[in-house]
């Protein structure tokens with residue numbers, strides 16, 4: 001279950017941090033510093049072997065082992081969600097990370113009551129919005145038009161930016177636009193872009209997958225990837241990275257999809273569903289309003 005920053009342990013963390021009562025590893029947390037802090041706290045607690053929190057976060061160990069080596073070799077990327085939560089970059093995290101924070105702060109035996117849920121009344125915000133839409137045809141039409149125009153704008157953008165243009169007889173060079181190669185005359189100036197000799201095969205095949213497009217396990221064997229400062233980028237052909245030509249593109253694997261794309265794909269699905277549900281709901285409301293108007297005129 002996700003926990004937000006109203007959780008009492010987070011408030012206690014903030015209070016201790018403001019009063020300089022945290023270790024340096026917790027005061028300015030990074031994935032590596034949290035792992036170091038886990039090693040220190042584990043030693044201080046006498047190297048317990050049957051701690052439920054340790055087994056849940058770090059995994060099980062053999063009966064003749066303790067968690068010393070398990071923590072030391074643990075992937076620091078697994079601490080990033082808690083770091084983002086503590087720094088306020090993300091507004092929620094799962095209960096496992098909250099339990100780890102309690103353990104690091106020595107609060108694992110404390111009981112924290114969850115923050116009370118806001119009272120749900122008949123005049124809740126979504127009902128007020130729905131009632132306003134039902135009462136006002138103009139607002140419904142404007143919102144529906146904006147949603148449709150947004151989709152049309154995205155389609156036009158994709159056609160203009162993502163479409164690959166075939167070269168003319170005079171275009172013997174090409175440059176990388178950010179999503180694909182574009183043919184150009186070799187003597188044509190293109191400030192800020194690297195112009196290279198035309199390769200029609202690369203021109204037709206090499207494209208970068210836009211961030212909002214889902215990458216799934218069905219794309220394994222069809223896409224290549226590269227990790228950059230902006231995140232993981234995916235391409236439709238192999239070879240060297242179009243911008244960082246010292247970096248070779250690697251084949252997409254199921255592991256990389258599970259590690260980097262699962263959360264993004266879930267967010268993408270939610271956004272798509274929200275968009276189409278909004279379109280469907282506004283259309284129904286508009287039809288209801290129009291029918292209601294006709295009935296009043298008939299009377």
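No lab work stands behind these numbers, since they all come straight from the coordinates. Since we're looking at a predicted model, the values are computed, not measured. Methodologically, a virtual Cβ is constructed for each residue, glycine included, from the backbone with ideal geometry; neighbour enumeration extends over all protein chains shown.
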Chain lengthening between residue 32 and residue 269 when straightened (0.36 nm per residue, less Cα-Cα): 82.1 nm
Principal axes of segment 2-105: Cα extent on each, largest first, Å: 40, 27, 21
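How much length would be gained if the chain were fully extended between residue 238 and residue 43, taking 0.36 nm per residue of separation minus their Cα-Cα distance, in nm to one decimal? Each step should come with its number before you reach the end.
Working: separation 195, 0.36 × 195 = 70.20 nm, distance 4.76 nm.
Here the segment from residue 238 to residue 43 would lengthen by 65.4 nm.
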Nitroxide proxy distance, nm - points 7 Å out along Cα→Cβ at residue 172 and residue 283: 5.3 nm
Value of D in µm² per second that Stokes-Einstein yields for segment 217-278, Kirkwood Rh from Cα pairs, at 20 °C (1.002 mPa s): 166 µm²/s
Inter-site label distance for residue 196 and residue 258 at 7 Å from Cα along Cβ, in nm: 3.4 nm
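Compute the relative contact order of the chain as a whole-number percentage, counting only Cα pairs closer than 8 Å that sit 6 or more residues apart in sequence. Walk me through the intermediate numbers first.
On the way: 294 pairs, mean separation 38.4, N = 299.
Relative contact order for the chain comes out at 13 percent.
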Cβ crowding within 10 Å averaged over residues, with 24-30, 189-195, 99-105 ranked highest first: 99-105, 24-30, 189-195
Rough spin-label spacing in nm, given labels placed 7 Å along Cα→Cβ, for residue 150 and residue 91: 1.7 nm
Stretch gain in nm, segment residue 186-residue 50, where the contour uses 0.36 nm per residue and the Cα spacing is subtracted: 42.1 nm
